[in-house]
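Undergrad: Please see the structure below; I have some questions.
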Amino acid sequence: MELVSWFTIVGAAGQCAFGARMLLQWLLSEKAGQVINPAIFWWLSLLGAVCMSVYGFLRNDAAIFLSQVLAYYVYVYNLHLKEQLKHLKRVGTLAICILPLVLLACLLTDKDAFASLLLNDEHIPSAWLIFGTVSYSLFTIRYLYQSFISHHAGQSLLPLPFWYISIVAAALVQVYGIYRSDIVLIVSQAGGLIVYIRNIMLHYKHKREQQINA
């Protein structure tokens, strides 16, 4: 697999969206002195998920494709919690909700594409496909956990364990990216680690300030 190909731009666009969400969240958190969760974070996540699911398909990488499709709906749910979807017309909301399903339907109706993505050991050996799927699943699990906490709180939150899971997932995906010679994964995860660690630092800093002021 080539390190850079014509569809690298698709993955780069997705990672730019993910990078922008983390950068904005980081800057706004630094300004507030605590970890915050702006709506733009989830809109950029949605954009990134669309680009990366397409990229995963083009790379014949089921680990990327399936994890991004699942994460997509977590992002939609958080936009719902932030009451962002009510700003859209019903047609817009419906389009957002069914987009990944349309991609999956197109994949399932094309047997050759399905086999190339999921059943072709030539592109990714089974052991590495499992490793990549587990690695990417951690990224999805962090959002499932985040959604569970947010659901019970009645608002969209980014709890501390979210950032710890992010660090582990980023490290594993970095290894997977190196094996796959995937420049998109290699570069993006290196930058993400910085933001994850900083959010943990901001969390404990804010907690100490609360204890001092209590």
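The values are calculated or read from the model by the stated rules, or taken from the named source; none is laboratory data. What you see is a predicted model, and the numbers here were worked out from it, not measured in a lab. Positions of Cβ are backbone-derived with ideal geometry, glycine not excepted, and every protein chain shown enters the neighbour counts. Quick note on the areas: whole protein, heavy atoms, side chains included, nothing else; ligands and nucleic acids left out. Shrake-Rupley method; radii C 1.70, N 1.55, O 1.52, S 1.80 Å.
Undergrad: Of 12, 156, 167, which is farthest along the charge dipole of the chain in the positive direction, counting Lys and Arg as +1 and Asp and Glu as -1 at C-beta?
TA: Among 12, 156, 167, the one farthest towards the positive end of the dipole of the chain is 156.
Undergrad: Please compute the length gained on full extension between residue 130 and residue 178, using 0.36 nm multiplied by the number of residues separating them and subtracting their Cα-Cα distance.
TA: Details: separation 48, 0.36 × 48 = 17.28 nm, distance 1.54 nm.
That works out to 15.7 nm of additional length.
Undergrad: Further question on the same structure: By a straight-distance test (C-alpha under 19 Å), which lysines pair with residue 31 as possible cross-link partners, with residues fewer than eight away in the same chain excluded?
TA: Within the straight-line cut-off, residue 31 pairs with 205, 207.
Undergrad: While we're on this one: Cβ neighbours within 10 Å, averaged per peptide: list 127-137, 179-189 in order, most packed at the top.
TA: Numbers: 127-137: 18.2, 179-189: 20.7.
Highest to lowest by the protection proxy: 179-189, 127-137.
Undergrad: Can I ask one more? Which length gain, in nm to one decimal place, applies between residue 212 and residue 97 when the Cα-Cα distance is subtracted from 0.36 nm times their residue separation? Please list the in-between numbers first.
TA: On the way: separation 115, 0.36 × 115 = 41.40 nm, distance 4.49 nm.
Stretched fully, the residue 212-residue 97 segment lengthens by 36.9 nm.
Undergrad: Quick one: compute a quarter of the convex hull surface over the Cα atoms of the chain and quote it in nm².
TA: Across all orientations, the chain yields a mean hull projection of 12.5 nm².
Undergrad: What does the highest-first list of 25-34, 195-204 look like by mean Cβ count within 10 Å? Intermediate results must be reported in sequence, preceding the final value.
TA: Numbers: 25-34: 14.6, 195-204: 16.7.
Top to bottom by mean Cβ count within 10 Å: 195-204, 25-34.
Undergrad: While we're here: Let me have the 222 nm mean residue ellipticity of the chain computed from DSSP H runs of 4+ only, each contributing -39500 (n - 2.57), with the sum over all residues rounded to the nearest 500.
TA: On the way: 8 runs with 172 residues, N = 214.
Helices in the chain give a 222 nm mean residue ellipticity of -28000 deg cm²/dmol.
Undergrad: Ok, one more. If I compute solvent accessible area with a 1.4 Å probe over the protein chains, what percent of it on the chain is carbon and sulfur? Please list the in-between numbers first.
TA: Numbers: 7690 of 10940 Å².
Carbon and sulfur together cover 70 percent of it.
Undergrad: Still on this structure, I have one more. Compute, for the chain, the length of the dipole vector about the Cα centre, with Cβ point charges of +1 (Lys, Arg) and -1 (Asp, Glu) only. Units Debye, rounded to 20. Provide the component values of the computation, followed by the final result.
TA: Numbers: 14 positive and 10 negative charges, 184 e Å.
Around 880 debye, computed over the chain.
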